[in-house]
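Asker: Below is one structure. I have some questions about it.
Values in this text are rule-based calculations from the coordinates and carry no lab data. On a predicted model such as this, the values are computed, not experimentally measured, just so you know. Cβ placement follows ideal geometry from the backbone for every residue including glycine, while neighbour counts extend to all protein chains displayed.
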Amino acid sequence: MDFAFDARTEELREQLTAFLEECVYPAERRLVTSEDWSTPAVIRELQVEARARGLWNLFCELPNLQYAPLAELTGRSILLAPAAVNCAAPDTGNMELLAQFGDEAQRKQWLEPLLNAEIRSAFAMTEPEVASSDASNIETRIERDGEDYVVNGRKWYITGAMNPDCKIFIVMGKTDPTADVRRQQSMILVPRDTPGVTVKRAMTVFGYEDRDHGGHAEVLFENVRVPAANLIGEPGSGFAIAQARLGPGRIHHCMRAIGIAERALELMCRRVTERVAFGKPLAAQGVVQDWIAESRVRIEQARLLVLKTAWLMDTVGNKGAHTEIQAIKIVVPQTVEWILDKAVQAHGAAGVSQDTPLAQLWAGNRTLRLADGPDEVHRRSLARRELKRYQA
Ligand SMILES: Cc1cc2nc3c(=O)[nH]c(=O)nc-3n(C[C@H](O)[C@H](O)[C@H](O)COP(=O)(O)OP(=O)(O)OC[C@H]3O[C@@H](n4cnc5c(N)ncnc54)[C@H](O)[C@@H]3O)c2cc1C
């Protein structure tokens, strides 16, 4: 078993590290909460530079095993770097969905401008009225009417949708409520400017608006009429497409989250080295050393599992890596949460303040235990697959 990255990955890691050190980290201070919801100017500037350096759309150009360590590096500056290299959620998942399931016209109209970062996109599945961790509950209706489909429903926590650059929604809803439960849902492309689409309000995350990545919107669809050609794949294929989309989306989140943990550990180590209490640096306290050692051990464990999952996805496909994708989705956000918590603690009041990124990182990471499937749902499904081996 070879644990080294190949030459191409090493080369890209060096280039990306240089981009982060020369351009992205210095720009972090310039990322101030903008007045509106549009893409911050600093991200636009970084995108020009990233493109010039050939650090663009890496998620779709590289196998998962090569992309994983690069996504991890972007996670070190989660508010800027993923968008700077056009590898930010939810666009990456949406682009992969369009590449895999969109027809030629859909790819031309929406995938091309997304790959060029001319527009952004949103994935609209979750609904406030129903338990959306069970996708079969989704109630939005997508009804055929002549040459069109008519969409009616209410969605919330639709990431990116507050940004006016977000021009396209991929909406999940029922085309046939009488069909088999796994064949009721479909996905349809709804342009933002279609009459009947109302971006109603920004939902917060522990009080944060997440403006830098387009917020999380509540969106109303009232008699929204789009051409039948906007349906993605066959009617009834929504469930299967959602599963296919969420696999890569989940591993991308986990890769970036490892980078968040590395940054948190670095901040913690720097802080405890400088800060003196009761006559010695905090770093000299056994309990603090224990946090640091435990953080390093947990990061290494989580990274190895993510890399194994990436390798499996490349070799046996997303389906073959199902158990491992669920395992990392369970393990990584909790691991990162533990490390962020210790970094906050080590910083004292500064840890919960606006003067370090830790509080916002904690809030964002905590949502990963809900988004793309809550922990309990993944545990249930993983356990059932494990048990199947012992059932007749
Ligand atoms: C910051 C953020 C961004 C998001 N972005 C998007 C987005 O872009 N697009 C989108 O469509 N959605 C998005 N979501 C929504 C997210 O995917 C849903 O919140 C998630 O799927 C859970 O659905 P729910 O909120 O309806 O919770 P519910 O389905 O009501 O579940 C509530 C809780 O019940 C428990 N539970 C559920 N099922 C089981 C079970 N089988 N066993 C044990 N316990 C169980 C879990 O603890 C779960 O957290 C986002 C959410 C957040 C917080």
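Asker: Is any residue of region 76-113 close enough, with backbone N under 19 Å, to a label point placed 7 angstrom from the Cα of ARG53 along the Cα-Cβ axis, and if so, which?
Answerer: What the label zone holds, given the 19 Å backbone N cut-off, is 76-89.
Asker: Could you let me know the centre-to-centre spacing of region 1-68 and region 169-234, using Cα atoms, in angstrom?
Answerer: Using only Cα atoms to place each centre, the spacing works out to 29 Å.
Asker: Report the charge-dipole magnitude of the chain in Debye, nearest 20, computed about the Cα centre from +1 at each Lys and Arg Cβ and -1 at each Asp and Glu Cβ.
Answerer: 900 debye
Asker: Could I ask something else about it? Per the helix-only calculation at 222 nm, which mean residue ellipticity applies to the chain, given -39500 (n - 2.57) for every DSSP H run of n ≥ 4 and division by its residues, nearest 500 deg cm²/dmol?
Answerer: -15500 deg cm²/dmol
Asker: Also, quick follow-up: Which FRET efficiency, nearest 0.05, do ALA229 and GLU22 yield, Cβ-Cβ r, R0 51 Å?
Answerer: The pair ALA229/GLU22 has a calculated efficiency of 0.70.
Asker: If you split all Cα-Cα distances of the chain into 10 Å bins from zero, what percentages do you get per bin, shortest first?
Answerer: 5, 22, 32, 26, 11, 3, 1, 0
Asker: May I ask you to derive the FRET efficiency for GLN289 and MET1 from their Cβ-Cβ distance with R0 = 41 Å, giving the value to the nearest 0.05?
Answerer: Once rounded, the FRET efficiency stands at 0.85.
Asker: Could you tell me how far the Cα centroid of region 323-348 sits from the Cα centroid of region 100-136, in Å?
Answerer: Between the Cα centre of region 100-136 and that of region 323-348, the gap is 28 Å.
Asker: So, in nm, how far is label ALA363 from label GLU274 when the simple model puts each one 7 Å beyond its Cα toward the Cβ?
Answerer: 2.4 nm
Asker: Here's a follow-up. If the cut-off is 25 Å between C-alpha atoms, which lysines fall inside it for LYS174, apart from same-chain ones fewer than 8 positions away?
Answerer: LYS155, LYS200, LYS319
Asker: What lysines could a cross-link reach from LYS342, if we take a straight Cα to Cα line under 25 Å and drop same-chain neighbours fewer than 8 places away?
Answerer: LYS280, LYS329
Asker: While we're on this one: Please give me the summed charge of the neighbours of ALA349: other residues whose Cβ is under 13 Å from its Cβ, Lys and Arg +1, Asp and Glu -1.
Answerer: With Lys, Arg at +1 and Asp, Glu at -1, the neighbours total +1.
Asker: Then there is this: Starting from the Cα of ALA99, move 7 Å in the Cα-to-Cβ direction to define the label point; list residues of region 245-267 whose amide nitrogen is under 18 Å from there.
Answerer: Once the point is set 7 Å along Cα→Cβ of ALA99, 245-256 turn out to lie under 18 Å by backbone N, inside region 245-267.
Asker: How are the C-alpha pair distances of region 279-345 spread across 10 Å bins, as whole percents from the shortest bin up?
Answerer: Spelled out bin by bin, region 279-345 gives 20, 37, 23, 13, 5, 1 percent.
Asker: Taking R0 as 35 Å, what FRET efficiency do you get between SER136 and ASP36 from their Cβ-Cβ distance, rounded to the nearest 0.05?
Answerer: Step by step, r from the Cβ atoms, then E = 0.40.
Asker: Evaluate the distance, in nm, between pseudo-label points positioned 7 Å from the Cα of ASN152 and of VAL181 along their respective Cα→Cβ axes.
Answerer: Result: 2.5 nm between the two label points.
Asker: Taking every pair of alpha-carbon atoms in region 9-100, give the share separated by more than 23 Å as a whole percent.
Answerer: Counting pairs separated by more than 23 Å, the tail of P(r) holds 21 percent.
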